[in-house]
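So the structure is just underneath, and the comments pick up after that.
The values are calculated or read from the model by the stated rules, or taken from the named source; none is laboratory data. Keep in mind the model is a prediction, meaning the values are calculated, not measured. Here the Cβ positions follow ideal geometry from the backbone for every residue, glycine too, while neighbour counts run over all protein chains shown. Areas reflect the complete protein model, heavy atoms only, side chains present, ligands, DNA and RNA absent. Shrake-Rupley method; radii C 1.70, N 1.55, O 1.52, S 1.80 Å.
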Amino acid sequence: MRPTIRSILTATGLALLAATAAAQTPVDSALAAFIAGIRAVDNHAHPNSTAPADSEFDAMPLDGIPPSPWPMRIRQENPEWINAYRAVYGYPYTDLSAPHLAELRATMQRVARERGDGFPEWALDRMGIEVMFANRIALGPGQARPRFRWVSFVDALILPLDTRAERVTPDRRALYPLEERLLHRYLADLGVARLPATLDAYVRTVVVPTLERHRRAGAVAVKFEAAYLRALDFDEPDPVAARRVYSRYYAGGVPSHADYKALQDYLFRLIAREAGRLGMAVHIHSFEGGGGFYGVAGSDPFLLESAFNDSTLRGTNFVIVHGGGGPFARHTLAMFWRPNVYADFSVSTLTMSPYTLGGILREWLAQYPERVLFGTDASASGPDLPWDVVGWLSAWTGRQALAIALTGMMRDGEITRARAEEIATMVMRTNAVRLYDLHLR
């Protein structure tokens, strides 16, 4: 029999949740404990597999871009990491001194060795997560269904031409070649030696077969990380212009930014439409970071309004991943008026305090609780911050923020306790179950 969530979560994690709820009024401790017991569906993460030197956790890992400062909560010196180490690995100390960190590293290595390919599922149990959506180039060892579901990357498919004119910042100069490499991998997977001569042939022999291949391999969604590369203004496409640009440059030459944008706009909407046909959602990164040259204004969900209003895309479900972060959270809320737009609050669970994030969630839940999805963005942030530890702190923060938001609504008479528990379950689990047709109990 599968153990209950309360038998899986460590006593440390539950005690910390209860202590914070008691200390930071007004949080209802009973509601916080209820939320701690929900086996979650994590809409967005980048977990490592058990493959040695696993490098497929992201299509565009940011370790190759110039260094830039991380928010305080993600830095190694954040004392909250001690709680995460304690919950996941039984860390017995209250400091991060060098000898104690050395002991912790040895414990991490021992647990990974002992668990083998069962380690990723063990890590999910520590976080209280039943299903994690893994944003990866491909799933790896230890990431089998049903606990892990694949979200594939598709930015490479909108970039078949030379991108040298697009590499206008140090960040983009590092990231565009990664997309070029991924497109070559997709072509090789299909046995396509070179780009077809026409855009229609490219769509027919590369784009659609790649999406179908991902779906057959179990992908529940496709992911655009485009905000790292360009603004999210995927405007109404001009098919004639797109075909002209492709035909002129497919064999060589560097298109202008305006020409390349016309092609990308066309391919973005085509991919979104095909994803909907295949039953896959479209995930779109929208956040204020990262990277020292990241175009924050270009990640505004308002830039997606034209695509969201496209009547031919109403058969596609869109998820604003990270929910626009701090600057654009209310812009995300405005997009919920569209019947096929959702958002998760992943990564804000790492950059924001529970109380800051709780304020955002309260605004969202007061209007569209059925569109809000839980997510962690669990990913490795350095040798002492592996994805399982990052995921634990993120999951804990998300649960606490949700308790704060719903407590406020409950105490202000906006919802009953029963409704608060229902909404909590929706956010942590059932909204995703319905959106992705997961068939979970």
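Given the criteria without any contact (Cβ under 8 Å) to a residue 40 or more places away in the chain and basic (Lys, Arg), does Arg75 qualify?
yes
Is it fair to say Arg204 is farther than 20 Å from Val296 by Cβ and in contact with a helix residue (DSSP H, G or I) (Cβ under 6 Å, 6 or more places away or on another chain)?
no
Might you let me know whether region 127-139 holds any residue that is part of a helix (DSSP H, G or I), among the acidic types (Asp, Glu) and modelled with pLDDT of 95 or more?
Within region 127-139, the first condition is being part of a helix (DSSP H, G or I), and the residues that meet it are 127.
Going one step further and asking which of them are among the acidic types (Asp, Glu), we end up with none.
Looking for residues that are part of a helix (DSSP H, G or I), among the acidic types (Asp, Glu) and modelled with pLDDT of 95 or more, one finds none in region 127-139, hence no.
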Residue in region 378-390 that is among the aliphatic types (A, V, I, L, M) and in a helix (DSSP H, G or I) present: yes
Gly298 being open to solvent by 10 Å² or more (accessible area, probe 1.4 Å), within 19 Å of the chain's Cα centre (by Cα) and over 24 Å from Pro61 (Cα atoms): no
Top-ranked residue of region 99-121 - restricted to ones that are in contact (Cβ under 8 Å) with a residue 40 or more places away in the chain and not hydrophobic (A, V, I, L, M, F, W, C), ranked as surrounded by the most Cβ atoms within 10 Å (Cβ to Cβ): Pro120
Positions within region 393-409 being under 16 Å from Tyr89 (Cβ atoms) and open to solvent by 10 Å² or more (accessible area, probe 1.4 Å), in sequence order: Trp396
Qualifying residue in region 432-439 (condition: surrounded by fewer than 16 Cβ atoms within 10 Å (Cβ to Cβ), without any contact (Cβ under 8 Å) to a residue 24 or more places away in the chain and either in contact with a Leu (Cβ under 7 Å, 6 or more places away or on another chain) or not in a helix (DSSP H, G or I) (or both)): yes
Members of region 328-383 found to be open to solvent by 30 Å² or more (accessible area, probe 1.4 Å) and β-branched (Val, Ile, Thr), listed by number: Thr351, Thr356, Ile360
Condition met for Ala258 (under 24 Å from Ser299 (Cβ atoms), surrounded by fewer than 21 Cβ atoms within 10 Å (Cβ to Cβ), in contact (Cβ under 8 Å) with a residue 60 or more places away in the chain and out of contact with any Pro (no Cβ under 8 Å at 6 or more places or on another chain)): no
Flag for Asp162 being touching a Pro at 6+ places or on another chain (Cβ under 8 Å), charged (D, E, K, R) and either closer than 16 Å to Glu225 by Cβ or modelled with pLDDT of 95 or more (or both): yes
Hits in region 35-81 - residues which are open to solvent by 20 Å² or more (accessible area, probe 1.4 Å) and assigned to a helix (DSSP H, G or I): Leu62, Asp63, Gly64, Met72, Arg73, Ile74, Glu80
Filter result (over 19 Å from Gly37 (Cα atoms) and touching a Gly at 6+ places or on another chain (Cβ under 7 Å)) within region 359-395: Arg362, Ala378
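Which of the residues belonging to region 300-340 are among the basic types (Lys, Arg) and over 19 Å from Val222 (Cα atoms)?
Once the filter is applied, which keeps residues that are among the basic types (Lys, Arg) and over 19 Å from Val222 (Cα atoms), region 300-340 yields Arg330, Arg338.
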Matching residues, region 272-297, being in a helix (DSSP H, G or I) and either at pLDDT below 95 or within 26 Å of Phe374 (Cβ to Cβ) (or both): Ala272, Ala275, Gly276, Leu278, Val296
Condition met for Ala401 (in contact with a His (Cβ under 9 Å, 6 or more places away or on another chain) and closer than 23 Å to Ala36 by Cα): no
Any hit, region 231-244, residues being farther than 29 Å from Met352 by Cβ, open to solvent by less than 10 Å² (accessible area, probe 1.4 Å) and in a helix (DSSP H, G or I): yes
Unmet criterion (only one of (1) more than 22 Å from Ser152 (Cβ to Cβ); (2) part of a helix (DSSP H, G or I)) for Tyr266: (1)
